[in-house]
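Enquirer: The structure under discussion is supplied below as structure tokens; questions concerning it will follow.
We did not get these values from a lab; they are worked out from the coordinates using the rules stated. What you are looking at is a predicted structure, and each value in this text was computed from that prediction instead of being measured. Glycine gets a Cβ as well: all are built from the backbone with ideal geometry, and neighbour counts include every protein chain shown.
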Amino acid sequence: MAVLVTGGAGYIGSAFVEQLLAAGEKVAVLDDLSRGHRAAVHPEAVFYEGRTGDRALVARIAREQALDACAHFAAFAYVGESMTEPARYYENNFTQAQVLFESLAAAGVKKVVFSSTCATYGVPKQVPIPEDHPQWPINPYGWSKLFVERLLESFDRAYGLKSVALRYFNAAGATARCGEAHDPETHLIPLVLAVAAGRRPRVSVFGSDYDTPDGSAVRDYIHIEDLGEAHLLSLAHLRRGGVSCFLNLGNGTGYSVLEVIETARRVTGREVPFEKVGRREGDPPRLVGDATKAREVLGWAPRRPSLEAIVRSAWEWMQRHPDGYGTGR
Ligand SMILES: NC(=O)c1ccc[n+]([C@@H]2O[C@H](COP(=O)([O-])OP(=O)(O)OC[C@H]3O[C@@H](n4cnc5c(N)ncnc54)[C@H](O)[C@@H]3O)[C@@H](O)[C@H]2O)c1
């Protein structure tokens with residue numbers, strides 16, 4: 001039996017495919033390459049190019065690969081783009097997911113691990129954020145993910161589809177094979193490293209007067225291999241008949257933008273020029289997750305929590321892949 005990884009040509013999904021294969025699983029990847037890279041798909045995975053909402057294709061994959069479970073990473077994930085093109089986000093992240101889960105359930109595939117996000121919480125009233133914190137997103141990206149969480153609850157009750165929705169905080173770092181190559185890039189660590197590599201002139205620090213130790217915003221960075229391990233444990237949980245649940249995945253430790261820049265300077269031995277600019281609308285001062293529940297339910301704990309280790313792995317990947325995945329979409 002195989003595990004279907006949607007979005008397996010993307011940043012986090014491609015790294016998870018590596019981990020599944022290393023764990024002895026058979027893997028099928030479904031990705032439309034809209035945002036991913038063909039070269040990121042592991043050669044030992046069976047690759048299907050197409051959309052998650054293609055019923056006939058998903059039914060065919062379920063038949064050909066004897067699917068047992070699905071890890072659903074495929075989505076659009078730019079907050080800013082979701083504000084200007086909300087229809088695309090609801091269609092791709094919600095409608096496509098609905099058809100995917102319907103098609104899977106119809107084929108008898110009833111175990112799903114879903115990539116949710118801390119963006120479903122909106123502006124935190126409490127930090128670290130626990131799972132029972134109110135969810136009121138402040139952008140269509142967050143809403144599209146929250147709607148999928150609600151859909152999964154309904155599908156469990158009606159169709160017996162069991163799921164673990166993992167609410168990631170900031171995914172970061174790289175494996176030897178897979179790293180971050182988004183275009184455009186909006187994530188802080190690759191942006192800072194691009195400055196260290198001389199590919200960007202400077203990094204902008206949005207807001208330097210927050211109520212945080214150094215005035216810059218604090219975020220929770222989690223290594224993609226730690227995220228992947230939580231997915232493996234989630235699959236094991238579902239396979240032993242575990243109940244559906246929603247779990248935060250974060251380090252529980254926040255790092256400020258200035259700390260990231262300083263760490264990048266230390267790791268790379270290069271200068272990282274930066275400029276302090278105004279706050280961005282909707283950017284909370286601190287976003288840190290409480291991952292106690294993931295520890296209790298899955299026995300999961302991040303094994304690469306240090307910012308230094310996360311930044312170093314991303315830098316090493318960037319050194320080996322100066323052009324990312326090249327033009328090979
Ligand atoms: N990167 C983060 O920090 C972060 C944080 C929280 C949640 N997430 C979620 O994790 C998941 C993976 O994020 P990522 O950073 O790897 O994103 P990514 O853009 O690198 O990868 C997403 C992949 O999905 C594919 N895809 C998109 N829509 C598709 C569709 N309808 N059918 C088939 N393929 C499709 C893209 O081509 C791409 O390869 C996303 O669901 C994202 O919302 C990411």
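Enquirer: Can you find, among GLY13, ASN139, ALA309, the residue farthest towards the positive end of the dipole of the chain? Put +1 on the C-beta of Lys and Arg, -1 on that of Asp and Glu.
Expert: The listed residue farthest towards the positive side: GLY13.
Enquirer: Still on this structure, please answer the following. Please express the shape of the chain as an equivalent ellipsoid: the semi-axes are the square roots of 5 times the eigenvalues of the C-alpha gyration tensor, given largest first in whole angstrom.
Expert: After diagonalising the Cα gyration tensor, the semi-axes are 31, 22, 18 Å.
Enquirer: Put +1 on the Cβ of each Lys and Arg and -1 on the Cβ of each Asp and Glu in the stretch 188-329; which of ILE224, VAL203, VAL297 then has its Cα farthest toward the positive end of the dipole?
Expert: Ranked along the dipole, the leading option is ILE224.
Enquirer: If you don't mind, another one. From the phi angles alone, apply the Karplus equation (6.51, -1.76, 1.60; θ = phi - 60°) to the stretch 59-75 and give each ³J(HN,Hα) in whole Hz, x where the residue is Gly or Pro.
Expert: 4, 5, 4, 4, 6, 5, 9, 6, 5, 10, 7, 9, 9, 9, 9, 4, 5
Enquirer: For the stretch 1-109, just say rounded, prolate or oblate: build the C-alpha gyration tensor, square-root its eigenvalues into a ≥ b ≥ c, call rounded for a/c under 1.5, and beyond that prolate if a/b exceeds b/c, oblate if not.
Expert: oblate
Enquirer: I would also like to ask the following. For a quick check: with amide H placed at 1.01 Å from N, whose amide H comes under 5 Å from ILE129's, ignoring anything fewer than 5 positions away on the same chain?
Expert: VAL288, GLY289, ASP290
Enquirer: Placing unit charges on C-beta atoms (Lys and Arg positive, Asp and Glu negative, everything else neutral), compute the dipole magnitude of the chain about its Cα centre in debye, rounded to 20.
Expert: My answer is approximately 380 debye.
Enquirer: Straight distance only, please: which lysines reach the Cα of LYS110 with their own Cα at less than 22 Å, same-chain residues fewer than 8 apart left out?
Expert: LYS26, LYS145, LYS162
Enquirer: Got a sec to turn the phi values of the stretch 253-266 into Karplus ³J(HN,Hα) couplings, 6.51 cos²θ - 1.76 cosθ + 1.60 with θ = phi - 60°, whole Hz, x for Gly and Pro?
Expert: 10, x, 10, 7, 4, 5, 5, 4, 5, 5, 5, 5, 4, 5
Enquirer: Enumerate the calculated ³J(HN,Hα) couplings along the stretch 286-299 in order (Karplus 6.51 cos²θ - 1.76 cosθ + 1.60, θ = phi - 60°), each rounded to whole Hz, writing x wherever the residue is Gly or Pro.
Expert: Residue by residue, the stretch 286-299 yields 9, 10, 9, x, 9, 9, 4, 5, 5, 5, 5, 7, 9, x Hz.
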